[in-house]
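The values are calculated or read from the model by the stated rules, or taken from the named source; none is laboratory data. Computed from a predicted model, the values in this text were never measured in an experiment. Cβ sites come from the backbone with ideal geometry, for glycine too, and all protein chains shown count toward neighbours. Surface areas here come from the heavy atoms of the whole protein model, side chains and all, with no ligands, DNA or RNA. Shrake-Rupley method; radii C 1.70, N 1.55, O 1.52, S 1.80 Å.
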Amino acid sequence: MICKITKKKIRPFMSFGKMPIANGFLHKKDFKKEFFFKMEVGFSKDISLFQLNDHPKPKLMFNKNYPFFTSSSNYMIKHFEDYSKWIKEKYFNNVKNIIEIGSNDGTFLKNFKSKRINILGIEPSKNVATIAKKNKINTINKFFSLKTANTLKKFINKTDIICAANAICHIPDLTDLIKGIDKLLSKKGIFIFEEPYLGSMYKKTSYDQIYDEHIFMFSVSSVKKIFELYNFDLIDVKAQKTHGGSMRYVIARKGEYKIKNIVTNSLKNEKKANIDKLKGCLDFKKKCEISKKKLRNKIFSIKKKNKTIAGYAATSKSTTILNYCGIDNRHIDFICDTTKDKVGKFTPKTHIPIVNIKYFRKNLPDYTFLFAWNHKEEIYKKEKKILKKTNWIAHVEI
Ligand code: TMP
């Protein structure tokens, strides 16, 4: 495989086998048309970058049927309020123009709405972009790229803040993305983004972070090295609890801001934990294999006792767990989810029916697989009444 940034040859260190589109929930009539790709991961030693090899074309994933709405989680709504407060406290100096890349339904940008500020969301999935527009968030329905940046005349060299959350790791051509950012940012402008963190994935063996949309798993080391190649500094970082462990990165033009101590300290910690080296990947691979064996044994022993299992939340992450571990509709009767677009469909490749939450509460299984383990607090609170009436399981510690 070829590193998506340095273009040097690298060897995949792990394969997850044949995978469908992680968010490709589908109707029975479409079972025969499913798309598959071989999911392998590799590591570029030069820039410490953990990345997918082959992946589906972005248009296959982010289109008019994209089933993820940021506002489906109260926790995420609150998180985006806090994220915007943090930006306002730390990096808000006479701001006039703000852009969000991958702005989804506008949940984040709405926190910046003011008469004095021009806000612009750039969102490739039509259905979520339409909701943002309905909510009066200025949004264009496009993929972000240098070409898109060139069309935004009002924002060229004048954007004070470009932000993103769980979007940058979805963009395969990072070089083009950075050129687009370079085009738009003012001299003192900053680019802030947060993404699932490689260090958290290693710590929890949460390999379900790896799926088609997550082309990169970033770390402080990789982000610093990537942006240095294009004359940018990584000036600040902040660990986040979201998505089972994320990291917020703040990028500025070289020499424009002082680099915070936390950046240097995080780099030291990553070195100690081998997050900047291939050794970290190889240790992770061993842990994944052990985790897979443990989960399969657990599921098979439950089924041997003729007990029922259902899933809670048809997450994109669950596609990796189910397919990597060979668990399907023979083991799991149904998965419940709050997303209207998913209910009535089936999970990709494993074809487990998706039902609404009411159905789950009325037909409680003996065991409930918590696929949205990263939303545990919110879900346990919501399911207080039935919490003790089923046994909760997951592939990570919950
Ligand atoms: P994701 O991990 O791919 O972002 O998907 C999260 C899914 O979890 C989404 O389909 C909505 C679902 N969900 C519930 O069904 N109930 C909940 O309480 C929460 C927080 C999420």
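Quick look at the numbers
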{"quantity": "Within the range 360-384, considering residues that are charged (D, E, K, R) and closer than 25 Å to residue 306 by Cα, the one nearest to the ligand (Cβ to nearest atom)", "calculated": "383"}
{"quantity": "From 332, 302, 321, residue being within 16 Å of the ligand (Cβ to nearest atom), not in a loop (DSSP other than H, G, I, E, B) and not basic (Lys, Arg)", "calculated": "321"}
{"quantity": "Selection count, the range 198-207, where residues are over 18 Å from residue 269 (Cβ atoms) and open to solvent by 10 Å² or more (accessible area, probe 1.4 Å)", "calculated": "1"}
{"quantity": "Cβ-Cβ under 6 Å pairs, at least 6 apart or on other chains, the range 305-325 side under 14 Å from residue 73 (Cβ atoms) and open to solvent by 10 Å² or more (accessible area, probe 1.4 Å), far side within 9 Å of the ligand (Cβ to nearest atom) and hydroxyl-bearing (Ser, Thr, Tyr)", "calculated": "316/211"}
{"quantity": "Strands (runs of 3 or more DSSP E) wholly inside the range 1-98 containing at least 1 residues that are out of contact with any strand residue (DSSP E or B) (no Cβ under 6 Å at 6 or more places or on another chain) and at pLDDT below 95", "calculated": "none"}
{"quantity": "Odd one out for residue 177, checked against (1) closer than 24 Å to residue 55 by Cα; (2) open to solvent by 20 Å² or more (accessible area, probe 1.4 Å)", "calculated": "(2)"}
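Yes or no, residue by residue, for (1) outside any strand (DSSP E or B); (2) in contact with a Gly (Cβ under 6 Å, 6 or more places away or on another chain); (3) open to solvent by less than 10 Å² (accessible area, probe 1.4 Å); (4) touching a residue at least 40 places away in the same chain (Cβ under 8 Å):
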{"site": "196", "(1), (2), (3), (4)": "no, no, yes, yes"}
{"site": "217", "(1), (2), (3), (4)": "no, no, yes, yes"}
{"site": "243", "(1), (2), (3), (4)": "yes, no, no, yes"}
{"site": "264", "(1), (2), (3), (4)": "yes, no, no, no"}
{"site": "270", "(1), (2), (3), (4)": "yes, no, yes, yes"}
